[in-house]
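Peer 1: A single structure is presented below for examination.
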Amino acid sequence: LLAIMAHQCNLRKDAAKKAQDASSKLFLVNYLAATALRTSAPGVITQAIVTKVGENGISFVTPLFGVDGIIYMDRIADRKNQVVSADGRKWKLHLWSVKQASVTLVWTATPDPKDQLASKLSALVIDDTRHAVVSLQHNGAVETVTQTYCIFNKISVCIIPETSPPDLTVKLVMPGV
């Protein structure tokens, strides 16, 4: 009899925990959806901390919202619109490599032909957080950006809320956003 009662209590405790988690996620999704309406980005752009670099992706956590997950490299390379860019260009993951707990991403994009500054640009840029080296080169028609991230580096991500069913999608944000 005692074992049956303990089992029933555990079932109720687990159900209450699941309901609490679902309620918290629903609140976060609705909050982020309301916040995203006030911006031009498809979601909420925030800083994340790299917690692990693996062969297949980058694990991260966003301290501000408590969202964690993995950005998978093959999904970025195969699907369009897996990154968010301030200038609206379509970035494509050209290649990535993982060496000694760091990942190097090489992106390519075709710049806007109306942007005269981009046609003259050839530079190396170190981002202001001093956690990642960002190289930006322009050779006429194609622009190349190289990013290198290690564990505990800061990255920019865009959290995109989906209200039905309540879920969150996280995309990498390109430099300059």
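Just so it is clear, none of the values below were taken in a lab; they were calculated from the coordinates. This one's a predicted model, so the numbers in the text were calculated from it and none came from an experiment.
Peer 1: Starting at the first residue of the stretch 160-171, write each ³J(HN,Hα) from the Karplus equation 6.51 cos²θ - 1.76 cosθ + 1.60 with θ = phi - 60°, in whole Hz, x for Gly and Pro.
Peer 2: 10, x, 10, 7, 9, x, x, 7, 10, 10, 10, 10
Peer 1: As a quick test, which of the pairs Lys18/Lys90; Lys92/Lys154; Lys52/Lys90; Lys17/Lys99 have an alpha carbon distance above 31 angstrom in this structure?
Peer 2: Lys18/Lys90; Lys17/Lys99
Peer 1: Figure the gain on full extension for Thr169 and Thr39 (residue separation times 0.36 nm, minus the Cα-Cα span) and round it to one decimal in nm.
Peer 2: 45.1 nm
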